[in-house]
Amino acid sequence: MALSDAGVEPDILQVTGRHPSSQLIAGGIFDRYLEEIDFEASTALAERWFPLGRRVPIVLDPHIAFGAPIIAGTNIRTDVVALYAAGNPVPAVARAFELEPSRLQAAIDFETQLASAA
């Protein structure tokens, strides 16, 4: 039995010519990350990023709150609601911000993950 890489595309290719270069071409390794980004139709530039994927209602949009993480579909920053939720019951904070408790919890979880990564 022999191993073969025939038909397998590498995730990253280094492109070189006559002169060494540092140019890399990314393959499938970045595909899932591209699904987290909205691109502006006319410029094809990145417009909005869902850092935990589209199933989690947290988005970074440079047009809202200077790109700070917000709850998708609102202008509410995740750090603000997490701060309120730290000293108040989640249902009360959800009512005060007119949010579904699950969306508020997503913001709290995001801020918790962010703090633990620092």
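The values are calculated or read from the model by the stated rules, or taken from the named source; none is laboratory data. Note that the structure is predicted; figures quoted are calculated from it, not measured. Cβ atoms come from the backbone with ideal geometry, glycine included; neighbour counts cover every protein chain shown.
Selection within segment 46-68: residues that are in contact with a helix residue (DSSP H, G or I) (Cβ under 8 Å, 6 or more places away or on another chain) and of a type in the set (A, V, I, L, M). The member of this set that is nearest to residue 33 (Cα to Cα) is 52. Where strands (runs of 3 or more DSSP E) fall entirely within segment 39-96, none has at least 2 residues that are touching a residue at least 40 places away in the same chain (Cβ under 8 Å) and among the hydroxyl-bearing types (Ser, Thr, Tyr).
Residue-by-condition table, conditions (1) polar (S, T, N, Q); (2) at pLDDT below 95:
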{"position": "22", "(1), (2)": "yes, yes"}
{"position": "25", "(1), (2)": "no, yes"}
{"position": "35", "(1), (2)": "no, yes"}
{"position": "41", "(1), (2)": "no, yes"}
{"position": "46", "(1), (2)": "no, yes"}
{"position": "61", "(1), (2)": "no, no"}
{"position": "68", "(1), (2)": "no, no"}
{"position": "81", "(1), (2)": "no, no"}
{"position": "95", "(1), (2)": "no, no"}
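Restricting to segment 51-77, and then to whatever is over 13 Å from the mean Cα position of the chain (by Cα) and within 15 Å of residue 106 (Cβ to Cβ), can you tell me which residue is surrounded by the fewest Cβ atoms within 10 Å (Cβ to Cβ)? Residue satisfying both the conditions and the ranking: 73. Restricting segment 35-50 to residues that are farther than 18 Å from residue 99 by Cβ and hydrophobic (A, V, I, L, M, F, W, C) leaves a set whose member that is nearest to the chain's Cα centre (by Cα) is 49. Evaluated against (1) modelled with pLDDT of 95 or more; (2) among the acidic types (Asp, Glu); (3) part of a loop (DSSP other than H, G, I, E, B), residue 5 falls short on exactly one condition, (1).
Residues of segment 78-108 that are exposed (fewer than 14 other Cβ atoms within 10 Å of the Cβ) and under 16 Å from residue 52 (Cα atoms): 102 alone.
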